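Q: Before anything else, here's the structure in question.
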């Protein structure tokens, strides 16, 4: 994979990119890639998207180690009560 270095990046753009990266729980490089893909209207290859999602799940798991999944029956009962 190629790398890219950007010189003389406007400070306002740097702050905006950092804020978006923090909001989306991504690194600055990941956010720059996503922004470029959106700006160029490029859809990432399916395997790249999958790897990105897996990377995010590893960094921020949905469940804590002590949490347990409810059984499907319990979840359906809860949904019916709503």
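Q: May I ask you to list pairs of residues, at least six apart or on different chains, whose Cβ atoms are under 6 Å apart, with the first in the stretch 36-50 being under 24 Å from residue 16 (Cα atoms) and the second being modelled with pLDDT of 75 or more?
A: 44/37
Q: Another question, if that's okay. Going residue by residue through the stretch 11-34, is there one that turns out to be touching a helix residue (DSSP H, G or I) at 6+ places or on another chain (Cβ under 8 Å), part of a loop (DSSP other than H, G, I, E, B) and surrounded by fewer than 11 Cβ atoms within 10 Å (Cβ to Cβ)?
A: No, the stretch 11-34 has no match at all.
Q: For the stretch 58-82, enumerate the residues that are at pLDDT 80 or above and closer than 25 Å to residue 26 by Cα.
A: Listed by number, the list holds a single entry, 58.
The values are calculated or read from the model by the stated rules, or taken from the named source; none is laboratory data. All of these numbers come straight from a predicted model, not from anything done at the bench. Note that we place each Cβ from the backbone using ideal geometry, even for glycine, and neighbour counts take in every protein chain shown.
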